Amino acid sequence: MPEKPLSRDLHRSIVVYSAASPLVISVTVAMLAIVLLYHDLAMLEVIGLIAAGTFGVFLLLRPLAGKLIVRADELEQQVREKTAALQAELNGRSRTDEDLRASEMRFHSLTQSANDAIITADGQGTIVSWNPGARRIFGWEESEAMGKPLTELVAERFRKAHLRDLERMRTTGEAQVLGKTLELRGLRRDGSSFPFEMSLSTWNIRDEQLTTAIIRDVTERKQAEKELSRWVKVEEQLARAHAELKEREAELRQALADLRESHEALEEAQLELIQAVKMESVGQLAAGVAHEVKNPLAIILVGISYLSHHLPLADRNVAMALDDIRAAIRRADAVIGGLLNYSAKRRLEITVEDLSAIVDQALLLIKHQPTQHHVTVLKELGQDLPLLLLDKTKIEQVFVNLFMNAIDAMAEGGTLTVRTYVTTLTRASGLMRGRAASDHFRIGETVVVAEVEDTGCGIDEAHMARIFDPFFTTKPTGKGTGLGLAVTKTIIELHQGTIDIRNREESGVRVTVMFKTDR
Amino acid sequence: MTTKRRILIVDDEPSFTRLLKLSLQTTGAYEVREENSGERALQAAREFKPDLILLDVIMPGKDGGEVAAEIANDDSLKTIPIVFLTAAVSKKEVGGEGRVIGGRSFLAKPVSVAEVTRYIEKNVSA
């Protein structure tokens, strides 16, 4: 049947809905035709398809005025063709739908399972998607969050900056923040703020620009960082403290060594103090005793003198008795004399002297003693020694005492060596041994030294500490008063000199006496 | 007959002065007066007019130094030589011949009679 041109008379169109099945459509149209025929509307034209979907079909039909007759089967054919086309389109659409659904499902599974907040906002910055992670982090339920501005999630202080970034992103189409991780502070539902990291991505759909933000709550990480930096600081502090401790340890060791040294010095000083106290009391005693003893001695002596004139001196025993008495008086007097020496007012009669001359003189005084005891005397007296300010008599007394001690120590004979010289003190010279020396003299000082050496029995180490004690003597009773060295030391100290007595390696004793040269 | 030298001994120890006097007088060359107190020394000197005074230094009451000062101030006595006897100085320092210390002569106790006579002979003109 040839197709007739149809005049389109739209104002007389009708919309017909039908379920998709062509059969139903044709039946429906047929019924319509019948109805229309009845109403003098003989023909219907299918003008177009308004909408089609799985739900059905909306057809736009136009009754045809006039005598045109469209046969039902032709109509049916048209409908069928149109429906087929529709179906094809539908199929295509449902494929896209599937893809879309598949991708939606993928997105959904991602967002559902993610720990981070994945939030999508539209072009106005309104939240259009909210995942469980977001709920966990921010506290808002999905229903509450949807429609909120994204900025509400940002702590106020940072909002301006955030908005600025978003604005820039919108206007320039790209953003400095895109792809980068921003650190901001977020605002939770309960009003608390917390640090988060955010990365943004943007995508377009039709004309709309959507932004997806992935937000990670970094509170814990920040805390961990803080902890770490704290521990790093602690470690640094420990390292520093350790270094300090090492230093302190070295200092302490040094201090300990110093302490030990001064302890030793203190002990020595204590011993000297005890000695000084002893000497002081002895001194006071001595003066009193001397006087009280000398007077009776004087009486005895004078009495003996007198008696000796009236006794039979021819009788050997009488003579001997008198001699013994006189000797005893002399001995007693010697002791008293020594005691007095010891306590004598410390006034020295100072004159300018040559030490070698004094030593020589002292040797003269005892000149017979060495030969009596088979002792050889070696003299090594320095010439032109610097002159010293000395009390001649007392210094002579000192050397007489030292010589006698030496000779007494060499009961079987031996050698007495006497030396005088001038020298400058060095650390190595050995003269600085002994505390007395280091107290009185300095390294580099010039001193005059006198040495008295013997080859006798030496001094027992156990006695060494006490040799300068008053009344200390190793000589048998009656042979020595024990005052010699005590007095000697006193005299030397009054001259600001030092005396050192020690055993020689070879044998015997060396006495070293030192005097300052510059006074 | 040679005149006996007059010796005044001033010492607070009676045993000593008694014995010394005895010893000196036995020699026949001396006339000795003893005095045991410093206070009476000056008077004794005035009365006895000695040729030499042996003077102990350490005495209770007036000591030898004071007595010596008094004698020096007395015109009639100041020419008399004084020798101090002292226990305060040791024999070693003074020696057997006596010694001048600070312008004064000393003999150290215990003195023997011999020492005294020697000293007198040396220092007192006959």
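The values are calculated or read from the model by the stated rules, or taken from the named source; none is laboratory data. Computed from a prediction, not measured in an experiment: that's the story for all the values here. With ideal geometry, Cβ positions are generated from the backbone for all residues, glycine too; neighbour counts draw on all protein chains shown. Ligands, DNA and RNA are excluded from the accessible area calculation, which covers all protein heavy atoms including side chains. Shrake-Rupley method; radii C 1.70, N 1.55, O 1.52, S 1.80 Å.
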Legend entry - Selection from the stretch A:87-118 of residues that are among the β-branched types (Val, Ile, Thr) and out of contact with any Gly (no Cβ under 9 Å at 6 or more places or on another chain): A:THR96
Legend entry - Any chance A:ILE137 is open to solvent by less than 40 Å² (accessible area, probe 1.4 Å) and assigned to a helix (DSSP H, G or I): yes
Legend entry - Some residue of the stretch A:273-286 being modelled with pLDDT of 85 or more and touching a helix residue (DSSP H, G or I) at 6+ places or on another chain (Cβ under 7 Å): no
Inset, instruction - Look at B:LYS21 and say whether it is at negative phi, surrounded by fewer than 21 Cβ atoms within 10 Å (Cβ to Cβ) and within 11 Å of chain A (Cβ to nearest Cβ). - result: yes
Inset, instruction - Identify the residue in the stretch B:83-105 that is open to solvent by 30 Å² or more (accessible area, probe 1.4 Å), more than 12 Å from every other protein chain (Cβ to nearest Cβ) and more than 17 Å from A:THR393 (Cα to Cα) and, among all such residues, is modelled with the highest pLDDT. - result: B:ARG104
Inset, instruction - Please find, within the stretch A:386-404, the residue that is farthest from the other protein chains (Cβ to nearest Cβ) out of those that are within 12 Å of A:VAL352 (Cα to Cα) and surrounded by 20 or more Cβ atoms within 10 Å (Cβ to Cβ). - result: A:LEU388
Legend entry - Subset of the stretch A:405-416 that is open to solvent by 30 Å² or more (accessible area, probe 1.4 Å) and without any contact (Cβ under 8 Å) to a residue 60 or more places away in the chain - its residue that is nearest to A:GLN361 (Cα to Cα): A:THR415
Inset, instruction - Answer yes or no: is there a residue in the stretch A:420-436 that is closer than 30 Å to A:ASP384 by Cβ, at pLDDT 85 or above and in a helix (DSSP H, G or I). - result: no
Inset, instruction - Select from the stretch A:349-385 the residues that are open to solvent by 80 Å² or more (accessible area, probe 1.4 Å) and assigned to a helix (DSSP H, G or I) and write down the one among them that is modelled with the highest pLDDT. - result: A:LEU364
Inset, instruction - Taking the options B:ASP11, B:ASP63, B:ASP56, B:ASP75, name whichever one is modelled with pLDDT under 90 and open to solvent by less than 40 Å² (accessible area, probe 1.4 Å). - result: B:ASP56
Legend entry - Counted residues, the stretch A:131-150 - those being more than 49 Å from the chain's Cα centre (by Cα) and not charged (D, E, K, R): 9
Legend entry - A:VAL447 assigned to a strand (DSSP E or B) and either under 53 Å from the mean Cα position of the chain (by Cα) or surrounded by fewer than 14 Cβ atoms within 10 Å (Cβ to Cβ) (or both): yes
